[in-house]
1. Please determine whether any residue of the range 110-118 is at pLDDT 95 or above, surrounded by fewer than 18 Cβ atoms within 10 Å (Cβ to Cβ) and either under 24 Å from Leu75 (Cβ atoms) or in contact with a strand residue (DSSP E or B) (Cβ under 8 Å, 6 or more places away or on another chain) (or both).
2. Grab the helices (runs of 4 or more DSSP H) fully contained in the range 1-83, keeping just those with 3 or more residues being under 27 Å from Leu154 (Cβ atoms).
3. Given the criteria at pLDDT 90 or above and surrounded by fewer than 22 Cβ atoms within 10 Å (Cβ to Cβ), does Lys79 qualify?
4. Where the second residue is among the basic types (Lys, Arg) and the first is under 18 Å from Ala71 (Cα atoms) and lies in the range 18-41, which pairs have Cβ atoms under 9 Å and are six or more apart or on separate chains?
5. State whether the residues of the range 28-36 include one that is among the charged types (D, E, K, R) and modelled with pLDDT under 95.
6. Residues of the range 24-59 being more than 13 Å from the chain's Cα centre (by Cα) and within 15 Å of His13 (Cα to Cα), which ones?
Amino acid sequence: MSEQDTLDLLTAHYMFEVERRHNKVQLDENTVNNLRKMAHYITKPDPKFGVMLCGTCGNGKTTLLHALRAAIDFLSERKQFEHLRNQANPYDRIQLTFVDAKEVVDIYKDRPKFDDLRRERLLAIDDLGKEPAEVLDYGNVTNPLIDLLEYRYLYQKFTCITTNLDAKQIREKYGARIADRFNEMLEVIVFQDISYRH
């Protein structure tokens, strides 16, 4: 798809997501710029294998992520991603699996389910930073989100992230190793400090 076609598709799904939550669509300059940046990122010939949407609360990060998921569903249903389909199962749909960062901690307790999550072809992690950094698991201190992110980095799995944290806070919470890997794996789209919640 062209960048313009991708922008049109994302915009349509973004508007639907806003209306679905009984809010008024505001395609102001800020929103249009964020949609353009996402469309540009996904249509690059050689994009990074993930994207991070950063900014304060209520500025449309999660809405854009839902719009991206809906656009992928739309294209998958219309067989636009035929070349990505699993040849062993031609009916395998491409989808963006969505998980809240806090849920990762609970999923971690079910190891087979966590392994499935790590291997998802396309994964969206919403609200990175609101989960506990460390979890006590049978007496061992674990870092479920770091484990998930390191796996996805190692195997270059497409990962979308939303967060209210800035670069310094990410480095403080997850360490220099994850922050450095984010630089390689994630295209960063910084949202302006505008809240659309009323």
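The values are calculated or read from the model by the stated rules, or taken from the named source; none is laboratory data. Quick caveat, the model's predicted, so the values are computed rather than measured. Positions of Cβ are generated from backbone atoms using ideal geometry, with glycine treated the same way; all protein chains shown enter the neighbour counts.
1. Taking every residue of the range 110-118 in turn, at least one turns out to be at pLDDT 95 or above, surrounded by fewer than 18 Cβ atoms within 10 Å (Cβ to Cβ) and either under 24 Å from Leu75 (Cβ atoms) or in contact with a strand residue (DSSP E or B) (Cβ under 8 Å, 6 or more places away or on another chain) (or both).
2. Working: elements: 3-20, 29-42, 61-77.
Because the criterion is at least 3 residues that are under 27 Å from Leu154 (Cβ atoms), the helices (runs of 4 or more DSSP H) in the range 1-83 that meet it are 29-42, 61-77.
3. Numbers: at pLDDT 90 or above: no; surrounded by fewer than 22 Cβ atoms within 10 Å (Cβ to Cβ): yes.
Criteria not met by Lys79.
4. Matching pairs, first to second residue: Val18/Lys24; Asn34/Lys61; Tyr41/Lys48.
5. Keep residues of the range 28-36 that are among the charged types (D, E, K, R), which gives 28-29, 36.
Pick out the ones that are also modelled with pLDDT under 95 and you get 28-29.
Yes, the range 28-36 contains at least one residue that is among the charged types (D, E, K, R) and modelled with pLDDT under 95.
6. Lys24, Val25, Gln26, Leu27, Thr31, Val32, Asn34, Leu35, Arg36, Ala39
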